[in-house]
Structures are given as C-alpha cells and as structure tokens.
Amino acid sequence: MSVKCHEVITKLEQLAPKHLAEDWDNIGLLVGSPEQTIHKIMITLDVDQTAINQAITVGADMIVSHHPVLFKGITNIRTDSPLGSMLFDLIKNKIAVYAAHTNLDSAPGGVNDILAQKFQLKDSKPLSTVYQEKLYKLVVFVPASHVEKVRIAMSEAGAGHIGNYSHCTFQTKGVGTFLPLAATTPFIGREGQLEFVDESRIETIVPSGLRCRVINAMLAAHPYEEVAYDEYLLQNKGPNCGLGRIGRLGEAMSLRDFSNQVKHLLMVNSIKVAGSADTVINQVAVCGGSGASLIKNAIKAGADVLVTGDVKYHEAQQALMEGLAIIDAGHFATEQPVVQSVAAYLDKQARENGWAVEMIANNSGKDVFTAY
C-alpha cells in the first residue's frame, strides 16, 4: 500500500511530538508536500550535499533528518551558493525533507534515551524538564460481550501505562439502563423499550497526547451506537520529557575504563576527557550534541561524569571545580546512534500499517572534525 508524506509525518510526531521542540528550533516538513506519495525514506543526521546525492542515487523521495536543512529564513535560492544548490537538488528531484530536532532530543525513545541505552544506564531520567504531560482518567461502560475487546483496544492504543507496567485498567460490574428513541438502531434492545443490560465500567489512565487515539480505538471496538464514556483531568503527574539523561552504571568503574567504553560504544578513535583517570564513575549524565548547558543540572543530579559534545574549555574547568568529570565525545558521535533507531521505528510502522516503503539508514555520515 502506498503512503502519503503526511501519514509518515503523523507517525514521526507520535515518536517526537512537535510541542517538545525548543522555541528557536525549526522542525517539521521543510521541503516538499504533505500529499506527495512516498516509496523510499532515507534517515540521516545531517542534510548535506553528500546525503542529498546519496538520496538521489538510491531513489529516496523523502529524507528524515535530525538537523534541519533550514534554520533561519532565506531571501533567495541561488544555485551558486551551497544551501541554494542543495535546496534546488531536493526540489528538482521531488525529495521531501522532514526534521525532528530538539523534539527528538527530549522525546522518550529519542536521541538521549538511545544514548543512555548505549551505556546501559539504569533508572534513566531527564536532566531537565521541557514538558510534563497531563494525565486523564478515561471511563467507559461496556456490555459484557465486548469488555475484553474494548479493554484490549484501549490498551494497545497506549492507555493504561503506570511506570513500567502497561495494560493497567480497573473493572466493576453493574447494570446499565437506556431507552432507544425513534430512528435508533440499538445493538441491544428495541426502540421504545427500556432496557437493563449487564455492563462493566472500565477505567484506565491516558496521557493527553494519546487521548484522541485511545478514544477512537475505544469507539471502534465498542458495539453501541451511542457510547457512554467520561474523561477526568487528573492531578497525577505524567512522565517528564526533557533534555539529557542521568542514570547509574550496572557496575562502578574508573573514569579511565569508562572513557575507553565510550570510545568503543560510540565507535570513535579519540575523545576529550576532563577529570582524574582514577575517579570512580557510577552516576552518568548524557546529552547528545551540545550539552554543556546541562552541566549544572548534571551536578545537581549527582552525576560523576557528563558525556556530551561541544564543551568549551572554561565550561569543563568549572565542571571539574564542582566535582563533575567531562567526556566530550563530539556532537556527531553522540547523536548518530539515533539514525538507526528512527529507521527501525519507521520500518516497524511500515510493517504494522502495510506501507510499501523502504527505509534506508544513512550510516555513512561523517563528523566534520577529524582527529589527527
């Protein structure tokens, strides 16, 4: 089954909701039309000329990137400039470009979660809060014959997550009453006759971002012509979405050994390390890309080391004075792992939704810096 660009975008924004992006960021569909048909998608960290040439060569009609190809407004598209030439090639070859940047940094399952998973950090949580989702209690009344069907539909749509538990619901049995009026076609009963039906009240918790999805799934599974359901805004706090992550190692090790592990896991030949090689590392903070702004957050959270990129000399110096070691593994290396993850996510969506779309992870991208 062919798929439209806007359908791919819908799935991308379920992974990385747009409201998680920083105000200064430029995310979303930057080139192309939401209505164009997509057959092949290339996922890449950067949209540079090399990546565009590769997309053209493999026949991709959509690029999903982490870094936006456009950050600021432009006044012209001149083919004698690098940016103008790239945009001209994209438009000429009908390649749509979608960027998920700081929203993918903060999102569960995004850049920083993938980086934390690389180091197998336990009990990982954000270093800073960008957004805390509201939670709702959804209550629906279901006839006995369809209780399991409705319960499963809501759970599979994302309802019922409490901590590390899923499919959490509560059910109570009772009797529902209704009187079908004129021009109705009731699933149970007859027009003009009061009915008493054995029903169950199913209640579950739903994050605000999934309300429409869960309600639609519930309505599709429910047999009634008119479904009785209630929503309640809760005081409970939803999960934090934010930049960076902090967690603990499975086993403490020296900064020397941890630094070697960082090089191995991120597949880099060299890194910059600030701190004593014998420092014991247990609590690890990470931030893909440029994470020096989270140094204070990492210190406050009790981290022994912060792994990130683009750290300035005096920033590292100040961190050391406050007991935080720094590993600068580079902007590229700390973000590149998300490319394969997004490709796997979209491939899963394609299989589940019957899309005839091929995913290509661009793992040939290179850091702009080279260590000599």
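Scanning the stretch 164-192 for residues that are within 18 Å of Val227 (Cα to Cα) and free of Cβ contacts under 8 Å to residues at least 40 places away in the same chain yields a total of 16. Restricted to the stretch 130-174, and to residues there that are aromatic (Phe, Trp, Tyr) and at pLDDT below 95, the residue that is farthest from Ala16 (Cα to Cα) is Tyr165.
Every condition in (1) in a strand (DSSP E or B); (2) open to solvent by 10 Å² or more (accessible area, probe 1.4 Å); (3) closer than 27 Å to Gly365 by Cβ is met by Ala285 except one, and the failing one is (2). Checking Ala217, Ala228 one by one, the residue that is touching an Asp or Glu at 6+ places or on another chain (Cβ under 8 Å) and hydrophobic (A, V, I, L, M, F, W, C) is Ala217 and no other. For the stretch 215-233, the criterion of being in contact with a Gly (Cβ under 7 Å, 6 or more places away or on another chain), open to solvent by less than 80 Å² (accessible area, probe 1.4 Å), at pLDDT 95 or above and not aromatic (Phe, Trp, Tyr) is satisfied by no residue at all.
Are any of the residues in the stretch 114-132 within 30 Å of Asn282 (Cα to Cα), of a type in the set (Val, Ile, Thr) and in contact with a helix residue (DSSP H, G or I) (Cβ under 6 Å, 6 or more places away or on another chain)?
The first filter runs over the stretch 114-132 and keeps only residues within 30 Å of Asn282 (Cα to Cα), leaving 114-132.
Next cut, of a type in the set (Val, Ile, Thr) only: 114, 129-130.
Restricting the remaining residues to those that are in contact with a helix residue (DSSP H, G or I) (Cβ under 6 Å, 6 or more places away or on another chain) gives 114, 130.
Yes: one or more hits.
With the structure loaded, tell me whether Glu199 is of a type in the set (Asp, Glu), free of Cβ contacts under 8 Å to residues at least 60 places away in the same chain, open to solvent by less than 50 Å² (accessible area, probe 1.4 Å) and not in a helix (DSSP H, G or I) or whether it fails that test. So Glu199 fits the description; yes. With respect to Ile9, determine if the residue is within 21 Å of Lys92 (Cβ to Cβ), of a type in the set (Val, Ile, Thr) and either touching a residue at least 40 places away in the same chain (Cβ under 8 Å) or open to solvent by less than 40 Å² (accessible area, probe 1.4 Å) (or both). No. Residues considered: Ser124, Ser155. Of these, the only one that is more than 30 Å from Pro223 (Cβ to Cβ) and crowded, with 18+ Cβ neighbours inside 10 Å is Ser124. A single member of Gly160, Gly209 is over 21 Å from Glu226 (Cα atoms), in contact with a Cys (Cβ under 6 Å, 6 or more places away or on another chain) and buried (at least 17 other Cβ atoms within 10 Å of the Cβ), and it is Gly160.
Scanning the stretch 268-282 for residues that are loosely packed, with under 14 Cβ neighbours inside 10 Å and more than 30 Å from Asp46 (Cβ to Cβ) yields Ser276, Ala277, Asp278, Val280. In the set (1) in contact with a helix residue (DSSP H, G or I) (Cβ under 9 Å, 6 or more places away or on another chain); (2) open to solvent by less than 40 Å² (accessible area, probe 1.4 Å), His167 fails one condition alone, (2). The strands (runs of 3 or more DSSP E) found entirely in the stretch 215-275 that carry 2 or more residues being in contact (Cβ under 8 Å) with a residue 24 or more places away in the chain and of a type in the set (Lys, Arg) are 245-254.
Quick check: anything in the stretch 181-188 loosely packed, with under 11 Cβ neighbours inside 10 Å and modelled with pLDDT of 95 or more? Scanning the stretch 181-188, I find at least one residue that is loosely packed, with under 11 Cβ neighbours inside 10 Å and modelled with pLDDT of 95 or more, so the answer is yes. Scanning the stretch 302-336 for residues being open to solvent by 30 Å² or more (accessible area, probe 1.4 Å), closer than 16 Å to Ala116 by Cα and in a helix (DSSP H, G or I) gives a total of 2.
The values are calculated or read from the model by the stated rules, or taken from the named source; none is laboratory data. Computed from a predicted structure; not experimentally measured. A quick note on method: Cβ atoms are made from the backbone with ideal geometry, for glycine too, and the neighbour counts reach across all protein chains shown. Side chains included, ligands, DNA and RNA excluded: accessible areas come from the protein's heavy atoms. Shrake-Rupley method; radii C 1.70, N 1.55, O 1.52, S 1.80 Å.
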